[in-house]
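S.K.: Sending over a structure as structure tokens; questions will come in a sec.
Each reported figure results from applying straightforward, stated rules to the coordinates on display, with no laboratory input. Since we're looking at a predicted model, the values are computed, not measured. When we count neighbours, we look across all protein chains shown, and the Cβ atoms used for this are built from the backbone with ideal geometry, even at glycine.
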Amino acid sequence: MLSKRIIPCLDVREGRTTKGIRFENNVDIGNPVEMASFYYEAGADELVFYDITASHEKRNIMIDVVRHVAETIFIPFSVGGGIRDVDDMRNVLLAGAEKVSVNSAAVKDPEIISKGAEIFGSQCIVLGMDVKHVGESVKIPSGYEIVINGGRKYMGIDALKWAVKAQKLGAGEICLNSIDADGTQDGYELKLTSLISENVSIPVIASGGAGKPEHLYEVLTKGKADAALIASMVHYGTYTVSEIKTYLDSCGVKVRKSW
Amino acid sequence: MIAIIDYDAGNLASVERAVSYLGFKCIVTNNIKTINSSERIIFPGVGAAGAAMNSLKRLGLDSVIKQAVINGKPMLGICLGTQIIMEYSEENETPCLKIIDGFVKAFPPDIKSKDGSRLKIPHMGWNGLENIKKHPVLSDLHEDDEFYFVHGYYPNPNDSEHILGTTDYGISFASVIGFNNIIATQFHPEKSGRPGLSLLKNFCMWNYG
């Protein structure tokens with residue numbers, strides 16, 4: 001049977017890995033290529049890189065990082081952050097990423113999903129969604145709204161409707177980030193995750209809130225997620241990927257145990 | 001020299017990087033002379049069967065690959081490459097190379113796991129191998145080894161002798177196929193960590209015959 005995937009996430013700014021809480025107060029935590037190699041050896045099933053470089057001029061640094069990562073690890077990895085058009089997608093994929101993740105650009109122009117899927121294949125196109133709980137309303141029937149700019153800008157789009165639409169447009173996977181849970185280490189947003197996962201046929205990666213292995217167990221079972229993103233809980237050495245997998249295995253969750 | 005067949009079917013650089021990392025010389029090419037003079041062939045591919053077959057024919061590579069197989073040259077198919085060597089694909093209703101008899105089928109839309117939960121399509125992620133036949137390229141596998149898959153269709157050889165390994169995803173499907181000098185995997189060895197690299201290395205050193 002298919003294993004649930006455990007995916008460390010690295011935020012990269014100007015070629016260095018950083019970590020902040022709710023997209024703020026970022027601190028330097030290491031070289032992304034070295035960290036990728038470490039997680040590859042430690043049993044990560046996949047990696048996600050977000051380029052949070054603010055200045056567009058310095059974005060080529062990320063392409064170099066992607067190229068070095070691709071020469072170093074032999075598991076899939078995706079790259080997101082600041083992908084604006086098909087050319088940005090092509091640069092990242094040619095540098096060696098398996099998948100490319102679009103977020104704000106797709107909210108502003110959903111056709112970037114269909115264009116990307118047509119040229120590179122759906123399996124390459126991940127829709128990143130940043131979501132906040134706002135309560136149910138006529139405009140937002142699911143109670144979850146799409147936000148951009150690190151949660152600062154509300155887009156008036158219902159998260160569930162957006163997920164279904166993105167799948168139709170050709171997204172191959174959804175990386176679902178709860179802005180409310182992000183960086184808190186209090187657990188994933190289970191209700192949001194199961195809502196989206198049960199209503200699309202493509203895999204859903206849960207993101208935001210992982211603090212201990214029990215949180216992964218919850219989101220991979222009750223939350224119906226196909227994969228779980230982790231950051232702080234492994235970046236600071238609190239847990240290893242292997243410890244998390246041993247725990248999940250003991251709870252009956254199918255994980256990859258040999259690497 | 002190992003020829004990695006380039007037929008506009010996805011980004012082949014990851015296969016090239018993995019083979020180079022293992023210390024073997026390879027070239028990504030659609031040049032018929034280069035392919036004919038190569039020591040062995042890797043036939044990868046990501047995308048749809050219809051477009052892939054059209055590209056192969058346009059580049060004149062369909063007959064080159066069939067001839068290489070007849071000549072006994074070791075060939076490794078990967079993902080779409082594995083489906084293309086079959087007789088026919090349900091994807092885009094595409095007649096394929098017919099190196100192995102049998103159809104490429106779509107996963108049924110309503111497949112469920114043993115516990116009754118709905119399974120998503122495509123089959124994406126890490127999964128294991130079962131019913132593994134003895135083969136030099138598969139010789140270093142450990143019991144719990146898993147491989148990275150991304151696909152909505154799977155090869156279904158008519159002759160069970162052509163099935164070298166199976167994988168369970170609601171149904172049991174052929175995930176490694178082959179005969180004589182051909183071996184082909186539905187998963188991506190170049191993206192499957194240690195066991196994938198070990199399989200690739202074994203292929204690069206495989207002396208068939």
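S.K.: A:Thr221 to A:Ser250: extension gain in nm, 0.36 nm per residue of separation minus the Cα-Cα distance?
M.R.: Fully extending the segment from A:Thr221 to A:Ser250 adds 9.1 nm.
S.K.: Quick one: grab the alpha carbon gyration tensor of chain A, order the square roots of its eigenvalues as a ≥ b ≥ c, and give me rounded if a/c is under 1.5, else prolate or oblate depending on whether a/b is larger than b/c.
M.R.: rounded
S.K.: With charges set only on the Cβ (+1 for Lys and Arg, -1 for Asp and Glu), what does the dipole of the protein assembly as shown come to about its Cα centre, in debye to the nearest 20? List each step's numbers first, then the result.
M.R.: Working: 48 positive and 56 negative charges, 73 e Å.
Approximately 360 debye in magnitude.
S.K.: Same structure again: Over the Cα atoms of segment B:2-204, how large are the radius of gyration and the largest Cα-Cα distance (Dmax), in Å?
M.R.: 15.8, 52
S.K.: Full extension from A:Lys58 to A:Lys165: what is 0.36 nm times the residue separation minus their Cα-Cα distance, to one decimal in nm?
M.R.: Length gained between A:Lys58 and A:Lys165: 35.2 nm.
S.K.: Let me have the relative contact order for segment B:67-209, percent, based on Cα pairs under 8 Å that are six or more residues apart.
M.R.: Averaging sequence separation for qualifying contacts and normalising by length gives 28 percent for segment B:67-209.
S.K.: Where nothing but the Cβ of Lys and Arg (+1) and of Asp and Glu (-1) is charged, how large is the charge dipole of chain B around its Cα centre, in debye to the nearest 20?
M.R.: It works out to roughly 500 debye.
S.K.: Which loop-located trypsin sites (Lys or Arg not before Pro) does segment A:118-174 contain, where loop means any DSSP state but H, G, I, E or B and the Cβ has at most 12 other Cβ atoms within 10 Å? Show your work: numbers first, answer last.
M.R.: Values: sites: A:Lys132, A:Lys139, A:Arg152, A:Lys153, A:Lys161, A:Lys165, A:Lys168; in loops: A:Lys139, A:Arg152.
Here the trypsin sites (Lys or Arg not before Pro) that fit, given the DSSP loop and packing criteria, are A:Lys139, A:Arg152.
S.K.: Can you figure out the FRET efficiency of B:Phe179 with B:Asp140, using R₀ = 22 Å and their beta-carbon distance, to the nearest 0.05?
M.R.: On the way: r = 21 Å, r/R0 = 0.95.
Efficiency for this residue pair is about 0.60.
S.K.: Where both residues lie in segment B:2-204, what percent of DSSP beta bridges are antiparallel, nearest 5?
M.R.: Values: 26 of 43 bridges.
Beta bridges within segment B:2-204, antiparallel portion: roughly 60 percent.
S.K.: Please list the equivalent ellipsoid semi-axes of the protein assembly as shown, computed as the square roots of five times the alpha-carbon gyration tensor eigenvalues, in descending order and whole angstrom.
M.R.: Output for the protein assembly as shown: semi-axes of 37, 23, 22 Å.
S.K.: Points 7 angstrom from Cα along the Cβ direction at B:Lys133 and B:Tyr21: gap in nanometres?
M.R.: Between B:Lys133 and B:Tyr21, the label points sit 3.0 nm apart.
S.K.: Among the listed pairs A:Lys254/B:Lys112; A:Lys139/A:Lys165; A:Lys132/A:Lys254; B:Lys25/B:Lys73; A:Lys132/B:Lys112, which are separated by more than 22 Å between their Cα atoms?
M.R.: Table pairs above 22 Å Cα-Cα are A:Lys132/A:Lys254; A:Lys132/B:Lys112.
S.K.: Longer than 19 Å from Cα to Cα, which of B:Lys134/B:Lys201; A:Lys257/B:Lys105; A:Lys224/B:Lys105; A:Lys115/B:Lys57 are they? Say none if no pair is.
M.R.: The pairs that break the limit, which is 19 Å between Cα atoms, are A:Lys257/B:Lys105; A:Lys224/B:Lys105; A:Lys115/B:Lys57.
S.K.: Mind listing the long-range amide H neighbours of A:Asp11? Cut-off is under 5 Å, sequence gap 5 or more, other chains count too, H placed in the peptide plane at 1.01 Å from N.
M.R.: Hits under the 5 Å cutoff: A:Thr18, A:Tyr50.
S.K.: Compute the distance in nm between two label points, each set 7 Å from the Cα along the Cα-to-Cβ direction, one at B:Asp168 and one at A:Glu243.
M.R.: Rounded to a tenth, the inter-label distance reads 3.1 nm.
S.K.: Rg(Cα) of segment B:11-56 divided by 2.2 N^0.38 Å?
M.R.: In units of the globular-protein estimate, segment B:11-56 measures up at 1.26.
S.K.: Gaussian network model of chain A, Cα springs within a sub-10 Å range: biggest mean-square fluctuation belongs to which of A:Phe38, A:Phe49, A:Phe77?
M.R.: Highest fluctuation of the listed residues: A:Phe38.
S.K.: Continuing with this model, one more query. What is the spin-label model distance, in nm, from A:Met1 to B:Glu90 if the labels are put 7 Å beyond Cα along the C-beta direction?
M.R.: My value for the distance between the label points is 2.3 nm.
S.K.: Which whole-number value in Å³ per residue fits the convex hull of the alpha carbons of segment A:20-93?
M.R.: So the per-residue Cα hull volume is 107 Å³.
S.K.: Could you work out the helix-only [θ] at 222 nm for chain B, with each DSSP H run of four or more residues adding -39,500 (n - 2.57) and the total divided by the number of residues, to the nearest 500 deg cm²/dmol? Write down the numbers at each step before the final one.
M.R.: Values: 6 runs with 52 residues, N = 209.
After summing the helix terms and dividing by the residues of chain B, the value is -7000 deg cm²/dmol.
S.K.: Along the three principal axes, how long is segment A:100-233 when you take its alpha carbons, biggest first, rounded to the nearest angstrom?
M.R.: Result for segment A:100-233: principal-axis Cα extents of 39, 32, 25 Å.
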